[in-house]
Amino acid sequence: MSKAFTKESAGDDEDDLALPPLPAGSKNYITPEGYQRLRNELINLIDSERPKVVEIVHWAASNGDRSENGDYLYGKKRLREIDRRIRFLTKRLDIAEVADPSLHHGNDQVFFGATVTYENQAGVERTVTIKGIDEVDNLKGEVSWISPIARALLKSREGDEVQFMAPGGLERLEIIQVSYPKPATSH
């Protein structure tokens with residue numbers, strides 16, 4: 001049977017590939033910067049990237065035999081990936097709850113958006129910033145607000161000691177510093 005008449009697997013169009021699901025009944029907290037970054041990605045996909053791929057697929061389709069046409073096959077696959085990402089971003093942005101961490105500037109209690117420096121029992125200091133699950137970059141020391149470390153830190157204050165269940169067992173962490181970005185000044 002020709003490949004043109006085979007059904008693609010149902011798993012190809014699932015939106016669960018990118019990021020972990022939100023806990024049931026919770027909001028999708030995100031910083032204003034994170035929201036804008038996701039929104040810009042969505043607009044770029046819709047206005048720029050998708051039309052380019054559609055044009056390539058249209059051109060490749062006009063060349064005749066599609067079964068061995070690499071441009072056509074790759075283009076259709078890329079189009080599915082783009083459409084999947086557009087659906088995912090649209091759903092996430094629809095349920096996003098923008099929380100501005102600068103509103104807590106000067107506060108020493110840990111809330112969403114805080115940059116927290118803590119020390120573990122071994123005396124090792126680490127700094128993390130608590131962000132939304134759709135905007136976290138682990139390489140920049142950002143952790144999701146639903147991560148175990150963030151849950152342990154939330155609502156604590158500078159000088160507090162919290163317990164954290166690490167992979168190696170229960171750890172005690174001392175909160176050294178809590179900071180938030182300065183509010184943007186409007187001119």
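The values are calculated or read from the model by the stated rules, or taken from the named source; none is laboratory data. Bear in mind that the values here come from a model prediction, so they are computed numbers and not experimental data. Here the Cβ is made from the backbone with ideal geometry for all residues, glycine too, and neighbour counts use every protein chain on show. Side chains included, ligands, DNA and RNA excluded: accessible areas come from the protein's heavy atoms. Shrake-Rupley method; radii C 1.70, N 1.55, O 1.52, S 1.80 Å.
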**Request:** Work out from phi, with θ = phi - 60° and the Karplus expression 6.51 cos²θ - 1.76 cosθ + 1.60, the ³J(HN,Hα) of each residue of region 47-53, listed in order in whole Hz, and give x for Gly and Pro.
**Result:** 8, 10, 5, 4, x, 5, 5
**Prompt:** Most mobile of Asn63, Asn44, Asn120 per a Gaussian network model of the chain (Cα springs, under 10 Å)?
**Reply:** Asn63
**Request:** Summarise the accessible area of region 38-187 (1.4 Å probe, protein heavy atoms) by the percent that is carbon and sulfur.
**Result:** 50 percent
**Asked** Cβ under 13 Å from Ala122's Cβ, Ala122 left aside: what net charge do those residues give with Lys, Arg +1 and Asp, Glu -1?
**Response** -2
**Item:** Whole-number Å³ per residue for the convex hull built on Cα positions in region 102-187
**Value:** 100 Å³
**Asked** Hey, in the GNM for the chain with a 10 angstrom Cα cutoff, which one of Ala61, Ala150, Ala114 fluctuates hardest?
**Response** Ala61
**Asked** Which value, in Å², gives the accessible area per residue of the chain when a 1.4 Å probe is used on the protein heavy atoms?
**Response** 64 Å²
**Prompt:** Taking the Cβ of Ser156 as the center, what net charge do the other residues with Cβ under 11 Å away carry, scoring Lys and Arg +1 and Asp and Glu -1?
**Reply:** -2
**Request:** Taking H placed 1.01 Å from N in the peptide plane, check which residues at least 5 places from Ala166 or on another chain put their amide H under 5 Å from its amide H.
**Result:** Glu171
**Charge context of Ile175, other residues only, Cβ under 12 angstrom, K/R +1, D/E -1** = -3
**Request:** Report the FRET efficiency, 1/(1 + (r/R0)^6), for Lys77 and Gln36, where r is their Cβ-Cβ distance and R0 is 30 Å, rounded to 0.05.
**Result:** 0.55
**Asked** In 10 Å bins starting at 0, how do the alpha-carbon pair distances of the chain split up by percent?
**Response** 8, 27, 25, 17, 13, 8, 2, 0
**Complete:** At the level of C-alpha centres, the distance separating region 33-57 and region 95-133, in angstrom, is 31 Å
**Request:** For the chain, give the share of DSSP beta bridges that are antiparallel, in percent and rounded to the nearest 5; count only bridges with both residues there.
**Result:** 75 percent
